[in-house]
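The values are calculated or read from the model by the stated rules, or taken from the named source; none is laboratory data. Values in this document were obtained by computation on a predicted structure and should not be read as measured data. Quick reminder, even Gly has a Cβ in these numbers, built from the backbone with ideal geometry, and neighbours come from all protein chains shown. SASA here: full protein model, heavy atoms, side chains in, ligands and nucleic acids out. Shrake-Rupley method; radii C 1.70, N 1.55, O 1.52, S 1.80 Å.
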Amino acid sequence: MRNFARALVLLSLLPTVLPAQTPSPLASESVAAAAVPGAWIVAEGRANSALQAGFPATAAAGYREMLAAPGLPTETRQRVTLALATALLDASELAEAEKALSTYDGPRNGAYQLRAGLLAAVQRRLPPAKAALATIKVEELSATDRGWWFYLQALLADADGNNDRAKEYYEQAKQTAVSALQRARFELAYESSRLRDAPRTEQRLAVLRGNMEQFAGQDFGYDVARNYAAALSVAGRKIEALAVLQRQLAVLAPGQRRIADQMLLLTGLIAGERSPTGQNALIELLNKAQQPETQRTALFLLARGAKAPAEREQLRSELGKLIGAPTLHPIIEDLLLVRAQAALADQQYNAADDDARLLLERYPGSPLKSAALGVRLSVAWELKRYRSAADFATQLRATVPAGRDRAELGVLLAEAFFRSGDYQNAADAYDAALREAPQVVPAGVLIFQRVLADIRGGAIEAAAKLLDDTAGNAAFDAVNRWQAEWNLVKEMQVRGLGAAALARVEKLLAQGAQGVPAELRIRLLWLRAKLSFDNGQPEAALKQVDDLTAALPGAQLDAALRGEVASTAQLLKAQALLTLQRDAEAGALLDKLRVDFKASKAAEYSYIVQATNLSERGETVKAQQLLIKLADDHKESEFAPLALYEAALCAERRGLDDTLREAYRLLERLVQDYPRDELMFYARLKQGDLLRKLNDFGAARQFYENLINNYGQHPDVLLAQLALADSLFAQGGNSVVNYESASAIYERLRDLPQAPVDLRAEAGYKWGYALAKRGQGAKAATVFWSVVDAFLLEAKQAAALGGKGRYWIARTLLELGQLHEDAGRLDEAQRAYQLIVDYKLNGAAQAQAKLARFRATAPEGAKP
């Protein structure tokens, strides 16, 4: 609850700081949707892409991370569980795949049965594999799964010894593949099956060896040599198998590339993709293979073997040589994508994005376009570049047919806009997502986010209308609706729409709270009492606090929240009593609060509440004593710096040199004891102001210059610049340098577009005033009029004027009128004074008096 105090700095602090508020976590917290799935969608897409690119271990890690996330929707959890089982199967982690599949709690549909069948077939548990196959309806499978359905049948045919039938199924799997990489995987599966089915008897080995030697140098002899090496490997004689293959490769002629490719692939399979021998064979195959499909098979194996960061780094290095070669590689697009995926797996985001961008720029029609966009989307999301993520999500949606994936990308697009602060586009995207009804997120959450986008975008009326229009929508569940209402009412409160906010809370509470968590109802009961107090209804606030207190015993709340509600309710009740001037009751309640909830933030803040009340009555000494007591007794409190600041203000109000010095010392204590607190900047600024009141302008200038030099990015550093100019002007006297320096600062601040309008108006007035005091009346009049024209007559700027800005505009018009009077331009003087009256500015009575004097002295028949 560290933010408890940050909304509390009092009105007397500085014009850019919020006025005082009663502290409460109930008041300061916004309620976010329970489960906004943008991160899940990105994570799932990233894991899917890793799996498709040949990084099953990386994919499995991604799926496991998703499954560990709380709040993952049931349908998503089930889908990701099946994807995890697939990745583990691909990584040959059969025990883990079986464990993952056992946690699946979804329907036993074709997708589940396919994976159960594949796992059983690889484990040589043929009856359950065949039983799973028998239940699968191929028309229910996704396009990606249909190739694996043929693959399962090939495995079972192999197990039954029907090699011809198995080969047919392998071919059908390749023909059904949805991508070149999936075809390469089925080719690899076929080669692996041949390796598994090789004969194992010594008698058969002897026959194969004899045929190999008899037909050496002939195509048939090379085929026999491959079978002999496979048989040796199955018999556990891997070293001999690899030696056979190396001897055959050594005698092959350059024109026998197809045979060399077969020998190298078998070398990689027998040695393993993580061994140096296997990697060397696969790298050579990737570089020199005759067929692109064979190169993709080698690439897949190399990617699958790169399980550790060092291995992926080595893979990226090898791929870099091929990508950068003078001759364009036949599968250059695959190389770029796999290198991007390897970089992404190791969080080398810039490298991953560079490769994906290169692929998209050089090969805009590539079948790997979606995968490359997925990489760029993942990178943008991980780096919190949400505007870019929205762009990539839009492009990716254009490549995906209507369905679940497209709908989920719509949700991701909306959330990317939301996180980038583009709330208008976010609202539109949430609307579109609602029409597509994605399963990954309940409609109630999307409606909540849609309302929140309007709120964050300042469209309060649109948010209220949407909430009213969807109140009867069954999909907009009570929890999300009340959470949305909470956020809307809080924003209305911040924007000064307290009466409307209170009416909305009253209406919501009157409708009942069926299905709403007790915590949320208690929040709104507290907020109703707070809004009543803020809207000048202390009697209503008293009753509502009593209603809240009565509701607490029956509410199911955790102990911490119950204590916070009870303590802040007592504090709010004490404030209401103080407002009603029932001081004795308020004092007793504050004493009770400090005993019953001694360690609570409400008890600590109660000192500030009581001190503020005393200060408003002119009892600044007692107020200061209470504030110092808070700072002394609760040094670790987040309110201690504020207490010291307020104590200094109490001392300053008494106006004596001694009390001004006392205020200075209190601020110095704040700076020394709490150097990291955000009030430190304002304490130094106030110390400069105090030094000016003590006529120590040189020391004041040092304070302001220090703030300007060391806090150049602070949101209120312009106040220090304005104060510095004031000091320079006050020191001006006969110093042309000081006067010119002050004028230059005033002019720059008046013209600074990013400066607050009130501050620009003040700076403009002071610049004109400085010119007038130096005898430059004509130029001063021009400057004064520029302030009026830019900040009063220009509608957009005038709408941004605050009370302080209107004050300085009034001062400007009074000075401008006086200049015209002194120069004998009475008509122009009257127009200046009339503007004060027309715009109802401060000083209207003085302006009307001047206008009346002009009318009284005007000659008969003269124009008024």
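Taken together, the residues in segment 451-470 that are more than 16 Å from V441 (Cβ to Cβ), of a type in the set (A, V, I, L, M), part of a helix (DSSP H, G or I) and open to solvent by less than 40 Å² (accessible area, probe 1.4 Å) amount to 6. Of all residues in segment 317-343 being under 21 Å from Q182 (Cα atoms) and within 31 Å of the chain's Cα centre (by Cα), which is most open to solvent (accessible area, probe 1.4 Å)? Taking the candidates together, the pick is R339. In the condition set (1) under 21 Å from A59 (Cα atoms); (2) small (G, A, S); (3) surrounded by fewer than 23 Cβ atoms within 10 Å (Cβ to Cβ), A432 is compliant with all but (1). Would you check which residues across segment 99-114 are charged (D, E, K, R) and under 16 Å from T76 (Cβ atoms) and list them? Scanning segment 99-114 gives a single hit, D105. Scanning segment 739-760 for residues that are under 34 Å from the mean Cα position of the chain (by Cα) and outside any helix (DSSP H, G or I) returns L752, P753, Q754, A755, P756.
Mind listing whichever residues of segment 665-691 are of a type outside the set (A, V, I, L, M), part of a helix (DSSP H, G or I) and open to solvent by less than 60 Å² (accessible area, probe 1.4 Å)?
We begin by selecting, within segment 665-691, every residue of a type outside the set (A, V, I, L, M); these are 665, 668-669, 672-678, 681-682, 684, 686-689.
Those left that are additionally part of a helix (DSSP H, G or I): 665, 668-669, 672-673, 681-682, 684, 686-689.
Scanning segment 665-691 gives E668, F681, Y682, R684, K686, Q687, G688, D689.
For segment 537-573, the candidate set comprises residues that are assigned to a helix (DSSP H, G or I) and among the charged types (D, E, K, R); within that set, the residue that is farthest from the chain's Cα centre (by Cα) is E539. Among the criteria (1) within 29 Å of K592 (Cβ to Cβ); (2) in a helix (DSSP H, G or I); (3) open to solvent by 20 Å² or more (accessible area, probe 1.4 Å), the one R661 does not fulfil is (1).
Listed here are the residues, each with its yes/no results for (1) within 15 Å of E44 (Cβ to Cβ); (2) at pLDDT below 95; (3) among the polar types (S, T, N, Q).
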{"residue": "E361", "(1), (2), (3)": "no, no, no"}
{"residue": "G365", "(1), (2), (3)": "no, yes, no"}
{"residue": "S370", "(1), (2), (3)": "yes, yes, yes"}
{"residue": "W381", "(1), (2), (3)": "yes, yes, no"}
{"residue": "K384", "(1), (2), (3)": "no, yes, no"}
{"residue": "D391", "(1), (2), (3)": "no, no, no"}
{"residue": "A398", "(1), (2), (3)": "no, yes, no"}
{"residue": "A402", "(1), (2), (3)": "no, yes, no"}
{"residue": "D405", "(1), (2), (3)": "yes, yes, no"}
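Are any residues in segment 475-491 at pLDDT 80 or above, more than 21 Å from the chain's Cα centre (by Cα) and among the small types (G, A, S), and if so, which ones? Result: A475, single match.
Considering only residues in segment 692-720 that are open to solvent by 20 Å² or more (accessible area, probe 1.4 Å) and of a type in the set (A, V, I, L, M, F, W, C), the one that is farthest from the chain's Cα centre (by Cα) turns out to be L694. Taking N473, is it open to solvent by 30 Å² or more (accessible area, probe 1.4 Å), polar (S, T, N, Q) and assigned to a loop (DSSP other than H, G, I, E, B)? It is true that N473 is open to solvent by 30 Å² or more (accessible area, probe 1.4 Å), polar (S, T, N, Q) and assigned to a loop (DSSP other than H, G, I, E, B). Might you check whether a residue that is part of a helix (DSSP H, G or I), out of contact with any helix residue (DSSP H, G or I) (no Cβ under 9 Å at 6 or more places or on another chain) and among the small types (G, A, S) occurs anywhere in segment 291-305? No, segment 291-305 contains no residue that is part of a helix (DSSP H, G or I), out of contact with any helix residue (DSSP H, G or I) (no Cβ under 9 Å at 6 or more places or on another chain) and among the small types (G, A, S). Annotation for segment 360-372: no member residue is assigned to a helix (DSSP H, G or I) and in contact with an Asp or Glu (Cβ under 7 Å, 6 or more places away or on another chain). For segment 791-834, filtering for residues that are acidic (D, E) and either buried (at least 16 other Cβ atoms within 10 Å of the Cβ) or touching a helix residue (DSSP H, G or I) at 6+ places or on another chain (Cβ under 6 Å) (or both) leaves 3.
Does E519 satisfy the criteria of being in contact with a Leu (Cβ under 7 Å, 6 or more places away or on another chain), touching a residue at least 12 places away in the same chain (Cβ under 8 Å) and surrounded by fewer than 19 Cβ atoms within 10 Å (Cβ to Cβ)? Criteria met by E519. The set of residues in segment 627-639 that are in contact (Cβ under 8 Å) with a residue 12 or more places away in the chain, surrounded by fewer than 23 Cβ atoms within 10 Å (Cβ to Cβ) and either assigned to a loop (DSSP other than H, G, I, E, B) or in contact with a helix residue (DSSP H, G or I) (Cβ under 6 Å, 6 or more places away or on another chain) (or both) comprises I628, H634, K635, S637, E638, F639. For segment 595-626, a tally of residues being surrounded by fewer than 17 Cβ atoms within 10 Å (Cβ to Cβ) and part of a helix (DSSP H, G or I) returns 6.
Could you grab me the full set of residues in segment 378-392 that are open to solvent by less than 10 Å² (accessible area, probe 1.4 Å) and more than 12 Å from A340 (Cα to Cα)? Within segment 378-392, A380, A389, A390 meet the criteria. Counting only helices (runs of 4 or more DSSP H) wholly contained in segment 143-231, the ones carrying 2 or more residues that are closer than 27 Å to A53 by Cα, open to solvent by less than 20 Å² (accessible area, probe 1.4 Å) and among the small types (G, A, S) occupy 143-159, 163-176, 180-196. Counting only helices (runs of 4 or more DSSP H) wholly contained in segment 48-124, no element carries 3 or more residues that are among the acidic types (D, E) and surrounded by fewer than 19 Cβ atoms within 10 Å (Cβ to Cβ).
Condition first: of a type in the set (K, R), open to solvent by 70 Å² or more (accessible area, probe 1.4 Å) and assigned to a helix (DSSP H, G or I). Can you find one or more residues in segment 574-588 that meet it? For segment 574-588, residues of a type in the set (K, R), open to solvent by 70 Å² or more (accessible area, probe 1.4 Å) and assigned to a helix (DSSP H, G or I): absent.
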